1. Within the set of pairs 6+ apart or on separate chains, which have a first residue in the stretch 25-52 that is under 16 Å from ALA186 (Cα atoms), a second that is of a type in the set (Asp, Glu) and part of a helix (DSSP H, G or I), and C-beta atoms under 9 Å apart?
2. Which of the numbered conditions does SER109 fail, given that it passes all the others? Conditions: (1) modelled with pLDDT of 95 or more; (2) assigned to a strand (DSSP E or B); (3) more than 21 Å from HIS180 (Cα to Cα); (4) among the hydroxyl-bearing types (Ser, Thr, Tyr).
3. Can you name the residue in the stretch 49-79 that is outside any strand (DSSP E or B) and loosely packed, with under 15 Cβ neighbours inside 10 Å and is also modelled with the lowest pLDDT among such residues?
4. Give the residue that is farthest from the chain's Cα centre (by Cα), with candidates limited to residues of the stretch 34-52 that are more than 26 Å from GLU127 (Cβ to Cβ) and aliphatic (A, V, I, L, M).
5. Check the stretch 176-186 and report whether any residue there is among the aliphatic types (A, V, I, L, M), touching a residue at least 40 places away in the same chain (Cβ under 8 Å), crowded, with 17+ Cβ neighbours inside 10 Å and touching a strand residue (DSSP E or B) at 6+ places or on another chain (Cβ under 8 Å).
6. Here are the criteria: (1) buried (at least 17 other Cβ atoms within 10 Å of the Cβ); (2) at pLDDT below 90. Tell me which single one ALA126 does not satisfy.
Amino acid sequence: MTKRTYTAFMLLCLACQAQAEPLISTSYDFYPIAPANRHDIRNELQNKSPAMNAGRDFIGYTDWRVHLSFHSIERQGICSIGDATVTLLVKYTLPRLDENYFYDWATESSFNRYYAALLTHEQGHAESGTLAALELQDALGRLHSHRGCAALSQNVDASFDRILEKYRQRDLDYDRRTDHGRSQGADLSLLP
């Protein structure tokens, strides 16, 4: 293998490393509600939700954060990304029926129907984070610099910021389009 072929092979392998799938970690923060009956579910949800965003109470909330760590390698005047790790942390804040109480079928059924719609809506927010992490991982495989590693780092930062902003906006548009999940059935007014 010639030196030129070896260098091209190494650069190709470095690009392969950057193409690894993002690491995704999902956690749930449940807050308990204890409705006396199905007519009390709405009141319990409104009074016990700890989820806050932009000064408004939400029954559920999804917080996603993308983290990036990488190091660069400079060879023959070209700076490329070496090992890179993109991590997505997703944290759902959701209600659940307090397990210390017994609920009749009507209460459980009403809550479960609402919860399923709420979870569907919140998973749509998590999808924004997943798409952001995937796009960032893909972008890393294409980034390199002929001007050195400082320029590469600036390019990575700019791409990271642009991608995150794109998917934060996707979240805002998603809430606008679904009326914060109401059009998906996560509508408190549908509860008895």
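1. That search, which allows pairs on different chains as well, returns ARG38/GLU108.
2. (2)
3. Residue satisfying both the conditions and the ranking: ALA54.
4. Looking at residues that are more than 26 Å from GLU127 (Cβ to Cβ) and aliphatic (A, V, I, L, M), I get ALA36.
5. The answer is no; no qualifying residue exists.
6. With respect to (1) buried (at least 17 other Cβ atoms within 10 Å of the Cβ); (2) at pLDDT below 90, ALA126 is out only on (2).
Each row is one residue, and each column tells you yes or no for (1) touching a helix residue (DSSP H, G or I) at 6+ places or on another chain (Cβ under 8 Å); (2) crowded, with 21+ Cβ neighbours inside 10 Å; (3) not in a helix (DSSP H, G or I).
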residue: ARG96; (1), (2), (3): yes, no, yes
residue: TYR114; (1), (2), (3): yes, yes, no
residue: LEU118; (1), (2), (3): no, yes, no
residue: LEU131; (1), (2), (3): yes, no, no
residue: ARG147; (1), (2), (3): no, no, yes
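Let's see how each residue does on (1) among the hydrophobic types (A, V, I, L, M, F, W, C); (2) part of a strand (DSSP E or B); (3) at pLDDT below 90:
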| site | (1), (2), (3) |
| --- | --- |
| MET1 | yes, no, yes |
| THR7 | no, no, yes |
| ILE24 | yes, yes, no |
| TYR28 | no, yes, no |
| PRO32 | no, yes, no |
| THR85 | no, yes, no |
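The values are calculated or read from the model by the stated rules, or taken from the named source; none is laboratory data. Quick caveat: nothing in here was measured; it's all calculated off a predicted structure. FYI the Cβ positions are ideal-geometry reconstructions off the backbone, even for glycines, and counts take in every protein chain you see.
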